[in-house]
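Undergrad: For reference, the structure I am asking about is given below.
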Amino acid sequence: MVADNVELEKALDINKYILSKYTVSKLVDRTLELRFLDNSPDLDWNLDCRHGQEKCLDLQYPFARSPSTLTRVNVKDFKILLEADGQLHTKSITEIKFDVKKIWDFTWQPGNTIGILPHNDESDVEDILKYLNLENKADNLCVFQLMQESKKTKYPSHIPNRTTPREVLRDCLNLRGVLKKQFLRTLAEYCSDISDVSFLKCISSKEGSAYYNEIILQNAFTLLDILKTCPSCQPPLSLLVEHLPRLLPREYSIASSPLINSNEFRIIFSIFSTNPGITTKMLQSKPAQVLMYLRQPNKFCYTEDDFQNDQILIAVGGAALAPYLGFLQHKQCLIEKGASGVAGKTWLFVGGVSPQAIAHRSQLMQWLSKNVLNKFIESHSRSPSATNSYQYIHEALNANSKVFIDLLLQPQTSIYVCADGSQISAALEATICKCLSKEINIEQSEAQNIIKDYRRQNKYREDFWC
């Protein structure tokens with residue numbers, strides 16, 4: 001588990017992270033400079049309630065269905081499905097419903113994804129403004145200019161042509177992005193304390209890679225953590241624009257069926273009790289509206305074309321179950337509406353820390369009783385019970401490998417794998433390969449080739465969230 005970086009910052013003695021010998025990395029050329037247009041806040045500008053990135057007209061959003069689909073959507077309902085307790089449940093699970101009536105003219109299916117454009121936490125923004133000595137100029141109009149014209153230097157497309165320091169920090173930059181070594185090296189140039197300078201130069205050097213990995217990668221130190229740790233560091237805002245990544249939308253799976261209500265849909269997501277993500281923390285504050293867009297569809301969805309086929313659904317993690325809730329809701333509606341043909345079988349393998357951590361478990365049991373869901377096998381990693389003999393999902397797959405593989409090998413069967421993280425997804429694939437190898441008596445390499453073929457045929461469909 002990643003340590004709480006706030007606690008590490010309090011205990012961090014930077015002198016212990018300064019080697020006696022190291023080679024200082026070279027500086028890269030600066031590209032931007034900041035110029036203020038006035039000496040007082042622009043009241044008209046600050047009345048503009050648009051998100052800073054909305055003002056960048058040519059800005060592209062990842063996997064958007066069309067170039068201009070960013071829309072303000074009302075939050076209709078907010079529900080906490082599971083409260084984090086800091087012990088058994090380290091993450092809470094939340095469900096939000098959005099009202100999309102009269103806003104979009106599009107069709108969507110369960111499993112399609114949206115992108116939600118967040119803003120940074122206001123307290124983080126205020127703290128950084130303070131460290132940059134920009135508190136009194138936070139709402140003054142400014143522009144960023146290229147220091148020299150060249151083919152290699154371009155104006156950042158996610159920064160408005162006219163903006164304010166507050167807008168840039170709140171809306172445009174990922175204040176929790178991974179700090180690259182070159183940025184840390186350059187920050188050293190803006191420190192007045194020799195220990196701060198040496199610390200930043202050391203962890204950004206080749207010899208200091210182990211320290212960089214510990215502080216930045218393992219313990220997820222952010223820019224704000226570095227500024228707190230090195231209080232003499234006072235970089236210009238233009239340097240942050242040069243080095244911090246763009247604040248990008250966060251993707252979420254639609255977890256409901258348009259056959260229930262095409263004017264609303266829900267998402268389900270997990271929130272860490274410590275150091276929550278930027279978007280989840282924003283959503284946790286229960287905003288009245290959010291900025292979102294519909295992402296391009298892929299094969300990880302359930303439509304009427306899938307109704308007569310069989311599905312094996314595998315989910316690990318609190319939010320990984322979300323798209324499958326939409327799948328099963330859609331299947332139930334198709335059954336009730338008398339869709340042509342016989343409904344295919346749907347099996348669900350789901351893993352969570354406890355029964356309570358499996359979102360809408362009671363609804364899953366109802367679907368099981370009505371044969372909307374034909375097989376429901378769950379594993380609980382931290383609270384195995386007498387009625388459930390599986391602690392981890394790979395145990396459940398191995399124990400049921402014969403019937404699992406028999407169904408998988410049928411030509412009309414698709415397998416869906418959704419997990420909270422690429423490493424978990426890879427581990428699930430390895431388990432499936434072992435089951436294949438055992439049940440049809442083939443080498444592991446042959447099983448891996450079968451899965452590769454299934455991917456090409458869209459029989460093996462995968463989605464994971466980092």
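Read-outs: derived from the displayed coordinates by stated rules, not from any lab. What you are looking at is a predicted structure, and each value in this text was computed from that prediction instead of being measured. Virtual Cβ from ideal backbone geometry, glycine too; neighbours counted across all protein chains shown.
Undergrad: Could you tell me how many degrees, from 0 to 90 and to the nearest 10, lie between the Cα long axis of helix 122-131 and the main elongation axis, the longest principal axis, of the Cα atoms of the chain?
TA: Once rounded, one gets 30 degrees.
Undergrad: Separate question: With a point put 7 Å past each Cα toward its Cβ, work out how far residue 333 is from residue 182 in nm, to one decimal.
TA: 4.8 nm
Undergrad: What are the ³J(HN,Hα) values, in whole Hz, obtained from phi via the Karplus relation 6.51 cos²θ - 1.76 cosθ + 1.60 with θ = phi - 60°, for each residue of the range 133-145 in sequence order, with x given for Gly and Pro?
TA: Each residue of the range 133-145 in turn: 6, 10, 4, 7, 10, 4, 10, 7, 5, 8, 9, 9, 10 Hz.
Undergrad: Hey, another quick one. Taking only DSSP H segments of four or more residues, each worth -39500 (n - 2.57), what value at 222 nm results for the chain once the sum is divided by all its residues, to the nearest 500 deg cm²/dmol?
TA: Counting only the DSSP helices, I get -8000 deg cm²/dmol.
Undergrad: Would you calculate the volume per residue, in Å³, of the smallest convex hull containing every Cα atom of the range 218-259?
TA: 125 Å³
Undergrad: So how much slack lies between residue 427 and residue 27, counting 0.36 nm per residue of separation and subtracting their Cα-Cα distance, in nm?
TA: Length gained, residue 427 through residue 27: 139.9 nm.
Undergrad: In the range 315-466, with Lys and Arg counted as +1 and Asp and Glu as -1 at Cβ, which of these residues, 360, 315, 417, has the Cα nearest the positive end of the dipole, that is, farthest along it?
TA: Value computed over the given set: 360.
Undergrad: A further question on this structure: Can you give me the Rg/Rh ratio for the range 253-378, using Cα atoms for both radii and the Kirkwood formula for Rh?
TA: When Rh is taken as the Kirkwood radius, the ratio is 0.98.
Undergrad: Set the Förster distance to 45 Å, then compute FRET efficiency between residue 64 and residue 383 from the Cβ-Cβ distance, nearest 0.05.
TA: It comes out at approximately 0.65.
Undergrad: Considering only DSSP states other than H, G, I, E and B, which GluC sites (Glu not before Pro) in the range 207-264 qualify as loop sites with at most 11 other Cβ atoms within 10 Å?
TA: none
Undergrad: What is the extension gain from residue 194 to residue 214, computed as 0.36 nm multiplied by their sequence separation minus the C-alpha to C-alpha distance, in nm to one decimal?
TA: Separation in residues times 0.36 nm, less the Cα-Cα distance, equals 5.0 nm.
Undergrad: Taking a temperature of 4 °C and a viscosity of 1.567 mPa s, what whole-number D in µm²/s does Stokes-Einstein yield for the chain with Rh from Kirkwood over alpha carbon pairs?
TA: 52 µm²/s
Undergrad: At 0.36 nm per residue, minus the direct Cα-Cα distance, what do residue 133 and residue 365 gain on full extension? Give it in nm, one decimal, please.
TA: My answer for the length gained is 77.8 nm.
Undergrad: Between helix 322-336 and the chain, what is the angle of the helix's C-alpha long axis to the longest principal axis, kept within 0 to 90° and rounded to the nearest 10?
TA: Around 40 degrees separate the two axes.
Undergrad: In sequence order, what are the phi-derived ³J(HN,Hα) couplings for the range 396-402 according to the Karplus relation 6.51 cos²θ - 1.76 cosθ + 1.60 with θ = phi - 60°, rounded to whole Hz, with x for glycine and proline?
TA: 5, 5, 5, 5, 10, 4, 5
Undergrad: With each pseudo-label sitting 7 Å past Cα toward Cβ, what's the residue 13-residue 446 distance in nm, one decimal?
TA: 6.1 nm
Undergrad: Can you list the residues, at least 5 places off or on another chain, whose amide H is less than 5 Å from the amide H of residue 309, using H built in the peptide plane?
TA: HN-HN under 5 Å from residue 309: 344.
Undergrad: Please report, in cubic angstrom per residue, the volume enclosed by the convex hull of the alpha-carbon atoms of the range 253-327.
TA: Spelled out: Cα convex hull of the range 253-327, divided by residues, is 122 Å³.
Undergrad: In whole Å, what is the distance between the alpha-carbon centres of the range 157-234 and the range 443-466?
TA: The range 157-234 and the range 443-466 have Cα centres spaced 40 Å from each other.
Undergrad: With the convex hull built on the Cα atoms of the range 143-235, state its orientation-averaged projected area in nm².
TA: Dividing the Cα hull surface by four gives the mean projection, 7.1 nm².
Undergrad: Taking amide H atoms as placed 1.01 Å from N in the peptide plane, list the residues 5 or more away in sequence, or in a different chain, whose amide H sits under 5 Å from that of residue 390.
TA: Correct list: 380.
Undergrad: Could you state the angle between the C-alpha long axis of helix 444-456 and the longest principal axis of the C-alpha atoms of the chain, as a value from 0 to 90 degrees rounded to the nearest 10?
TA: 80 degrees
Undergrad: With a cap of 13 neighbouring Cβ atoms within 10 Å, and only residues DSSP puts in a loop, list the trypsin sites (Lys or Arg not before Pro) found in the range 174-209.
TA: Sparse-neighbourhood loop trypsin sites (Lys or Arg not before Pro): 206.
Undergrad: Please tell me the relative contact order of the chain in percent, rounded to the nearest whole number, where contacts are Cα pairs under 8 Å and at least six residues apart.
TA: The value is 19 percent.
Undergrad: Give the percent of DSSP beta bridges with both residues in the chain that are antiparallel, rounded to the nearest 5.
TA: 60 percent
Undergrad: Which loop-located trypsin sites (Lys or Arg not before Pro) does the range 361-466 contain, where loop means any DSSP state but H, G, I, E or B and the Cβ has at most 12 other Cβ atoms within 10 Å?
TA: 370
Undergrad: On to the next question. Amide H neighbours of residue 376 under 5 Å, at least 5 residues apart or on other chains, H built in the peptide plane: list them.
TA: 348
Undergrad: Based on DSSP, what percent of beta bridges with both residues in the range 304-396 are antiparallel, to the nearest 5?
TA: Within the range 304-396, antiparallel bridges account for around 10 percent of the total.
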